[in-house]
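Asker: To start, I am sharing the structure in question, which I have written as structure tokens.
The values are calculated or read from the model by the stated rules, or taken from the named source; none is laboratory data. The structure presented is a predicted model; accordingly, all values stated were derived computationally and were not measured. Because the Cβ atoms are built from the backbone with ideal geometry, glycine has one as well, and the counts that use them run over all protein chains shown.
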Amino acid sequence: MNPVGPIIHIVDDDKSYRTAVGRLMEASGFRVATYASGEELLAHLPSAEPGCILLDLQMPGLNGLELQDRLAEKAPLLPVVFLTGQGDIKASVQAMKAGAEDFLEKPTSREALLDTVRRALLHCDARRVEHDRIHALQARLESLTPRELDVFDLIVRGKLNKQIAYALGASERTIKAHRHNVMEKLGVRSLAEAVSIAERLGLLAPVSDPPAQQSGHRSSP
């Protein structure tokens, strides 16, 4: 747990509103950083510290939705909460589809804002835990040799040792040895655990169906 607590990043071109929200967050025990524009936030991108972003929708320069797109790439672990006095259904739907934590219209109550921020911070913690797990799994995968990676790819697709041996032009005994090494290096004891790692790392994309046959009729057997 971070001993200094999370930081709330407030992005709003309205200085008085920015200041008021900042004071509320500080009074509630959070650290605060304020920005007058999306460009200012991007110039001082948040570090790896936990937190969330309170973001205005309509601002000069980058608007809130455009900034949200940039943040999805540059600061993906920080949840975004929209605060706007000019919200509309289309914008809110777009923001939520893009992964926004919530979309609140100004003025919003102190309780509603704090509840939303606390929920966003819980999601931030969950994202950070998942991010760390993925990195740990990737490190394990990178410990495999190229041939072990080939074996792993076929194992998680349900291939038997003899099928893998045939596909890779090796003996079944060699494949068994590779399989043992793969399981040891990945720290798993079962095929299901190996498959779970592949799924979490996005390595089990569905295999494309064979191309459809050209027009014409096959003769009946």
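Asker: Given the conditions (1) farther than 16 Å from I197 by Cβ; (2) loosely packed, with under 12 Cβ neighbours inside 10 Å; (3) not charged (D, E, K, R), and given that A139 satisfies all but one, which numbered condition is not satisfied?
Answerer: (1)
Asker: Starting from residues that are of a type in the set (D, E) and modelled with pLDDT of 90 or more, keep the ones in segment 35-61 and report whichever is surrounded by the most Cβ atoms within 10 Å (Cβ to Cβ). Steps first, please.
Answerer: Of the residues in segment 35-61, the ones of a type in the set (D, E) are 39-40, 49, 56.
Next, only the ones that are modelled with pLDDT of 90 or more stay: 39-40, 56.
Values: E39: 15, E40: 14, D56: 25.
Per the stated criteria, the residue is D56.
Per-residue answers, yes or no, for (1) closer than 24 Å to H131 by Cβ; (2) modelled with pLDDT of 90 or more; (3) of a type in the set (D, E, K, R); (4) in contact with a strand residue (DSSP E or B) (Cβ under 8 Å, 6 or more places away or on another chain):
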position: A165; (1), (2), (3), (4): no, yes, no, no
position: S171; (1), (2), (3), (4): no, yes, no, no
position: E184; (1), (2), (3), (4): no, yes, yes, no
position: P210; (1), (2), (3), (4): no, no, no, no
position: G216; (1), (2), (3), (4): no, no, no, no
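Asker: Hey, any hits in segment 159-170 for a residue that's of a type in the set (S, T, Y) and in contact (Cβ under 8 Å) with a residue 24 or more places away in the chain?
Answerer: no
Asker: How many residues are of a type in the set (A, V, I, L, M, F, W, C), under 19 Å from E142 (Cβ atoms) and surrounded by 17 or more Cβ atoms within 10 Å (Cβ to Cβ) when one looks only at segment 154-190?
Answerer: Step one: filter segment 154-190 for residues of a type in the set (A, V, I, L, M, F, W, C), giving 154-156, 160, 164-165, 167-168, 170, 175, 177, 182-183, 186, 188.
The next check asks that each one be under 19 Å from E142 (Cβ atoms); those that pass are 154-156, 182-183, 186, 188.
Within this subset, residues satisfying the condition of being surrounded by 17 or more Cβ atoms within 10 Å (Cβ to Cβ) are 154-156, 182-183, 186.
Total meeting the criteria: 6.
Asker: Another question, then. When you go through (1) at pLDDT 95 or above; (2) touching a Leu at 6+ places or on another chain (Cβ under 6 Å) one by one for G64, which number turns out not to apply?
Answerer: G64 satisfies every listed condition except (1).
Asker: Being of a type in the set (G, A, S) and not in a helix (DSSP H, G or I) is the filter; apply it to segment 121-161 and report the residue that is farthest from P79 (Cα to Cα).
Answerer: So, considering only residues that are of a type in the set (G, A, S) and not in a helix (DSSP H, G or I), the one farthest from P79 (Cα to Cα) is G158.
Asker: A further question follows. Which of the following residues is surrounded by 15 or more Cβ atoms within 10 Å (Cβ to Cβ) and in the same structural domain as S171 (by TED's automatic domain parsing): V151, V117?
Answerer: None of the other options fit; the residue is V151.
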